[in-house]
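Colleague: The structure that follows is given in the form of structure tokens.
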Amino acid sequence: MSVKPVTITITGAGGQIGYALLFRIASGAMLGAETPVRLHLLEIPQGVRAAEGAALELQDAAFPLLHGVEVFDDPASAFQGTEIAMLVGARPRTAGMERGDLLAANGGIFGPQGAAINAGAADGIRVVVVGNPANTNALIAASHAPDVPADRFTALTRLDHNRALGQLAATLGAQVGSLRDVTIWGNHSATQFPDVSHATIDGESVPALLAARLGGVDTAKEWLVDTFIPRVAKRGAEIIEVRGSSSVASAASAAIDHVRDWVHGTENGWTSAAVVSDGSYGVPEGLVSSFPVESVDGAWRIVQGLEVDAFAEHRIAASVAELVEEREAVRALGLI
Ligand code: NAD
Ligand code: LMR
């Protein structure tokens with residue numbers, strides 16, 4: 001039986017993350033070995049040649065699942081009929097740029113892309129924003145797509161989630177695959193709160209394992225506050241310092257994990273994704289904030305009923321306050 005190919009639009013496809021994403025998507029790593037794909041690569045005119053080069057290489061790689069690649073420099077055509085939109089292309093902050101300038105520049109990208117998704121994407125469209133500031137860019141895109149259910153717009157915090165798994169596994173001498181129920185709360189920024197309070201390894205509590213490993217409950221708490229949380233939250237900056245440019249392959253891999261789980265469902269506990277808040281855990285409705293989420297029947301659901309202690313409440317509130325500020329800034333600029 002032949003399966004209809006899924007149309008996927010990747011913006012910024014001529015850039016670094018785009019290059020790391022395209023070949024894995026075409027190989028079946030995102031939607032599975034049974035699902036053929038058609039790729040729409042969207043670039044700005046200066047990036048079109050790089051995207052065309054990637055398209056030539058995709059042809060040369062002869063992926064059986066790849067049923068077509070087209071390169072566009074116009075959002076209306078690129079999002080026509082698309083079922084999955086991975087919004088990677090964004091305006092990076094450059095020297096002398098104020099925060100407001102960055103939000104305004106990205107508003108000029110994500111507003112029109114949201115409108116193009118609204119006008120032409122398939123009914124079941126799923127959007128993940130990777131380009132920074134990812135949460136607020138997703139908010140801008142969603143606000144320009146009034147006919148698309150808000151829960152179809154998400155931003156990537158799976159990279160932060162995966163970074164947290166990597167740090168815990170290394171510290172506890174465990175395999176990442178045995179870890180469950182870590183959460184990233186809030187913004188994809190240094191204010192995010194990586195939370196291990198509910199995490200387990202093979203059924204054992206991670207806080208208890210950390211206390212046993214690090215010499216007591218107090219030492220484990222200190223490690224969480226002074227080492228783990230800042231290491232995860234500032235890992236992007238660490239990668240830039242060590243590599244000389246921002247994370248690429250790990251970001252692409254996380255974007256693939258996010259879409260794969262959204263489409264195929266989560267197993268073995270929850271993951272983290274920035275989704276439009278329904279007011280859960282005191283996060284103001286409408287903000288795109290990271291939560292513990294499960295994917296059920298093709299939709300993200302915020303995990304409900306978790307106990308949030310005073311420390312966690314304070315950390316979540318700090319990151320959410322930053323998201324509120326960003327929302328006020330883009331509102332003041334007329335971007336939402
Ligand atoms: P890059 O500069 O290599 O590529 C970005 C590409 O986007 C460029 O080719 C550029 O021409 C294109 N582009 C710019 N404006 C566009 C538009 N309006 N439409 C289509 N394409 C457009 O950057 P990169 O390393 O690929 O990173 C992309 C973004 O992802 C950056 O904003 C980066 O900060 C962000 N990022 C996010 C995460 C995350 O976890 N959320 C992780 C890593 C990087
Ligand atoms: C990352 O998390 O690696 C990216 O968002 C890049 C950055 O500026 O931190």
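Colleague: Give me the distance in nm between label points sitting 7 Å out from Cα along the Cα-to-Cβ direction at residue 57 and residue 151, one decimal.
Modeller: 3.8
Colleague: To the nearest 500 deg cm²/dmol, what mean residue ellipticity at 222 nm is calculated for the chain from DSSP H runs of n ≥ 4 alone, each contributing -39,500 (n - 2.57), summed and divided by the residues? Could the numbers behind the result be given before it?
Modeller: Numbers: 12 runs with 146 residues, N = 336.
One gets -13500 deg cm²/dmol as the mean residue ellipticity at 222 nm.
Colleague: What dipole magnitude, in Debye to the nearest 20, does the chain give about its Cα centre under +1 on Lys/Arg Cβ and -1 on Asp/Glu Cβ? Please report the intermediate quantities before stating the final value.
Modeller: Details: 23 positive and 38 negative charges, 106 e Å.
Result for the chain is approximately 500 debye, rounded to the nearest 20.
Colleague: Moving to a separate point now. Quick one: Cα centre-to-centre distance for the stretch 109-184 and the stretch 9-71, in angstrom?
Modeller: 19
Colleague: Write down the accessible area per residue of the stretch 11-135 in Å², having rolled a 1.4 Å probe over the full set of protein chains. Let's see the in-between values first.
Modeller: Values: 5350 Å² over 125 residues.
Solvent-accessible surface per residue comes out at 43 Å².
Colleague: Next up: Enumerate the residues in the stretch 295-328 having an amide nitrogen under 19 Å from the point lying 7 Å beyond the Cα of residue 208 toward its Cβ.
Modeller: Of the residues in the stretch 295-328, 307-309 have backbone N under 19 Å from the label point off residue 208.
Colleague: In the stretch 153-244, carbon and sulfur make up what percent of the accessible area (probe 1.4 Å)?
Modeller: Values: 2110 of 4050 Å².
The nonpolar share, carbon plus sulfur, comes to 52 percent.
Colleague: Ignoring ligands, DNA and RNA, how do 153, 63 rank by accessible area with a 1.4 Å probe, largest first? Could you put the intermediate results ahead of the total?
Modeller: Working: 153 0, 63 50 Å².
Final ranking, largest accessible area leading: 63, 153.
Colleague: Which of the helices in the chain meet the span-like rule: DSSP H, Cα axial reach of 24 Å or more, Kyte-Doolittle mean at least -0.5?
Modeller: 99-120, 310-332
Colleague: I'd like to compare 261-274, 207-220, 304-317, 17-30: which one has the highest average count of other Cβ atoms within 10 Å, and what's the full order after that? Don't skip to the answer; put the middle values down first.
Modeller: On the way: 261-274: 19.4, 207-220: 15.4, 304-317: 13.4, 17-30: 20.9.
In decreasing order of mean packing, 261-274, 207-220, 304-317, 17-30 become 17-30, 261-274, 207-220, 304-317.
Colleague: Averaged per residue, what accessible area in Å² does the stretch 158-328 show with a 1.4 Å probe, protein chains only? Could the numbers behind the result be given before it?
Modeller: Values: 7590 Å² over 171 residues.
Solvent-accessible surface per residue comes out at 44 Å².
Colleague: Using a 7 Å offset from the Cα along the Cα-to-Cβ direction at both residue 175 and residue 225, what is the distance between the two label points in nm, to one decimal?
Modeller: 3.5
Colleague: Hey, what did the chain get for relative contact order, percent, Cα under 8 Å, at least 6 apart? Write down the numbers at each step before the final one.
Modeller: Numbers: 652 pairs, mean separation 55.7, N = 336.
Answer for the chain is 17 percent.
Colleague: Over the stretch 83-146, what is the relative contact order in whole percent, taking alpha-carbon pairs under 8 Å and six or more residues apart?
Modeller: On the way: 73 pairs, mean separation 31.6, N = 64.
Relative CO of the stretch 83-146 lands at 49 percent.
Colleague: How many percent of Cα pairs in the chain exceed 36 Å?
Modeller: Values: 9830 of 56280 pairs.
Beyond 36 Å sits 17 percent of the P(r) for the chain.
Colleague: Which GluC sites (Glu not before Pro) does the stretch 21-119 hold that lie in a coil by DSSP with at most 10 other beta carbons within 10 Å? Before the final figure, lay out the partial values.
Modeller: Details: sites: 34, 43, 52, 57, 70, 83, 98; in loops: 34, 43, 83, 98.
Those satisfying the criteria are 34, 98.
Colleague: Moving to a separate point now. When the Kirkwood hydrodynamic radius is evaluated over all pairs of different C-alpha atoms of the stretch 1-70, what value in angstrom, to one decimal, is obtained? Write down the numbers at each step before the final one.
Modeller: On the way: mean 1/r = 0.0836 Å⁻¹.
Over the stretch 1-70, the inverse of the mean reciprocal pair distance is 12.0 Å.
The values are calculated or read from the model by the stated rules, or taken from the named source; none is laboratory data. Note that this is a predicted model, so its numbers are computed, not measured. Cβ: placed from backbone, ideal geometry, glycine included. Neighbour counts: every protein chain shown. For accessibility, only protein heavy atoms count, side chains too; no ligands or nucleic acids. Shrake-Rupley method; radii C 1.70, N 1.55, O 1.52, S 1.80 Å.
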